[in-house]
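Chemist: Below is one structure. I have some questions about it.
The values are calculated or read from the model by the stated rules, or taken from the named source; none is laboratory data. All of these numbers come straight from a predicted model, not from anything done at the bench. So basically every Cβ, Gly included, is an ideal-geometry build from the backbone, and we count neighbours across all protein chains shown.
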Amino acid sequence: MLFQVTGLCKRFGRISALADVGFHVRPGELLGLIGPNGAGKSTLFECLAGVLPADSGSMLVNGRPVAARQRHTFLFYVPDGIAPWPQQSVQWALDFTIGFLGGRESLRQEVIEQLDLGPLLPQPLGTLSKGQRKRALLAIGLLTPQPALLIDEPFEGLDLRQARDIAAALRAHAARGRTLFLSIHQIADAGRFCDRFVLLTSGRVCGEGTVAELAGLAAARQGPQPPAGLEEVFLALT
């Protein structure tokens, strides 16, 4: 096990965004955090990364809690919908990731080719389309050295071919031992790309495991006939 989350809670006034959230993350896996818009996925990632302070709960590594201020050495978070350094070029952003953030120079050309960034290298980040900016942000994340990478909506703004290519790139990095934790609201996409899943609804975890494990959980709750497919499993458990 790479790390474990226990008892994570976050409130905004009277609204409970996360309630007693707990799950575990394994080394070298593609773990999908799935749920509808408003389920608390981005809030969960922001609490794990230390962007938002959690009200309670712990992230444990080897059974020991890791304080929010220390997590940057262990995980890197790629939010959705941001446009960092809008006046700087894509090439500058990759060089900055390697030089200042301790990224891996040995992966630079490979990541550029995997994400088809060659034509975009001289362009300022602020001039990119949504899909182009997503690919640039993913490249920054993939070059960082932390063992765990949290990516909020990695396929948002991408067409089908781009999504398939990026899924293959993510799989290749996971095969080398990098842990990729992906927040995805399109359940069908998650079902095609991820090894295991954490199901989140209304700020609560309603299941964790592979599709087969979650189907077994749904069958245990609702009857002997397990639902077919991740979408049906999710509906059965929520």
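Chemist: Would you please name the residue that is farthest from LEU150 (Cα to Cα), looking only at residues in the stretch 198-235 that are of a type in the set (Gly, Ala, Ser) and buried (at least 19 other Cβ atoms within 10 Å of the Cβ)?
Modeler: Taking the candidates together, the pick is ALA218.
Chemist: While we're on this one: Tell me whether the stretch 194-203 contains one or more residues that are assigned to a loop (DSSP other than H, G, I, E, B) and in contact with a Lys or Arg (Cβ under 9 Å, 6 or more places away or on another chain).
Modeler: yes
Chemist: Exactly one of these conditions fails for PRO84: (1) touching a helix residue (DSSP H, G or I) at 6+ places or on another chain (Cβ under 8 Å); (2) modelled with pLDDT under 95; (3) within 24 Å of CYS194 (Cα to Cα). Give me its number.
Modeler: Failing condition for PRO84: (3).
Chemist: Any idea which residue in the stretch 12-61 is farthest from ALA167 (Cα to Cα), counting only those that are more than 13 Å from the chain's Cα centre (by Cα) and among the basic types (Lys, Arg)?
Modeler: Step by step, filter the stretch 12-61, then rank; the result is ARG14.
Chemist: Find all pairs meeting these conditions: Cβ atoms under 6 angstrom apart; at least six residues apart or on different chains; first residue within the stretch 120-132 and more than 13 Å from PRO86 (Cβ to Cβ) and touching a residue at least 24 places away in the same chain (Cβ under 8 Å); second residue surrounded by 14 or more Cβ atoms within 10 Å (Cβ to Cβ) and of a type in the set (S, T, N, Q).
Modeler: Filtered contacts from the stretch 120-132: LEU120/GLN132; LEU121/GLN91; PRO122/SER89.
Chemist: Would you please name the residue that is nearest to ARG164 (Cα to Cα), looking only at residues in the stretch 95-119 that are part of a helix (DSSP H, G or I) and touching a residue at least 24 places away in the same chain (Cβ under 8 Å)?
Modeler: Ranking the qualifying residues of the stretch 95-119, first place goes to GLN114.
Chemist: Hey, another quick one. Can you tell me how many residues within the stretch 164-196 are crowded, with 22+ Cβ neighbours inside 10 Å and among the aromatic types (Phe, Trp, Tyr)?
Modeler: 1
Chemist: Continuing with the same structure: List pairs: first residue in the stretch 83-94 and free of Cβ contacts under 8 Å to residues at least 60 places away in the same chain, second residue in a helix (DSSP H, G or I) and of a type in the set (Ser, Thr, Tyr) anywhere in the structure, Cβ distance under 9 angstrom, at least six positions apart or on different chains.
Modeler: If the second residue must be in a helix (DSSP H, G or I) and of a type in the set (Ser, Thr, Tyr), the pairs left are PRO86/THR127.
Chemist: Looking at (1) closer than 23 Å to GLY40 by Cβ; (2) assigned to a loop (DSSP other than H, G, I, E, B), can you tell me which one PRO145 breaks?
Modeler: Failing condition for PRO145: (1).
Chemist: Could you list, ordered by first residue, the pairs with Cβ atoms under 6 Å in which the first is in the stretch 201-213 and farther than 18 Å from GLY7 by Cα and free of Cβ contacts under 8 Å to residues at least 40 places away in the same chain and the second is of a type in the set (A, V, I, L, M) and surrounded by 15 or more Cβ atoms within 10 Å (Cβ to Cβ), at least 6 apart or interchain?
Modeler: VAL211/LEU230
Chemist: Now a separate question. Within the stretch 146-170, how many residues turn out to be over 22 Å from GLU105 (Cβ atoms) and either touching a Leu at 6+ places or on another chain (Cβ under 7 Å) or of a type outside the set (D, E, K, R) (or both)?
Modeler: Total satisfying the criteria: 10.
Chemist: Another question, if that's okay. For the stretch 36-85, which positions are on the phi > 0 side of the Ramachandran plot and touching a Phe, Trp or Tyr at 6+ places or on another chain (Cβ under 9 Å)?
Modeler: Answer for the stretch 36-85, where residues must be on the phi > 0 side of the Ramachandran plot and touching a Phe, Trp or Tyr at 6+ places or on another chain (Cβ under 9 Å): GLY50, ASN62, TRP85.
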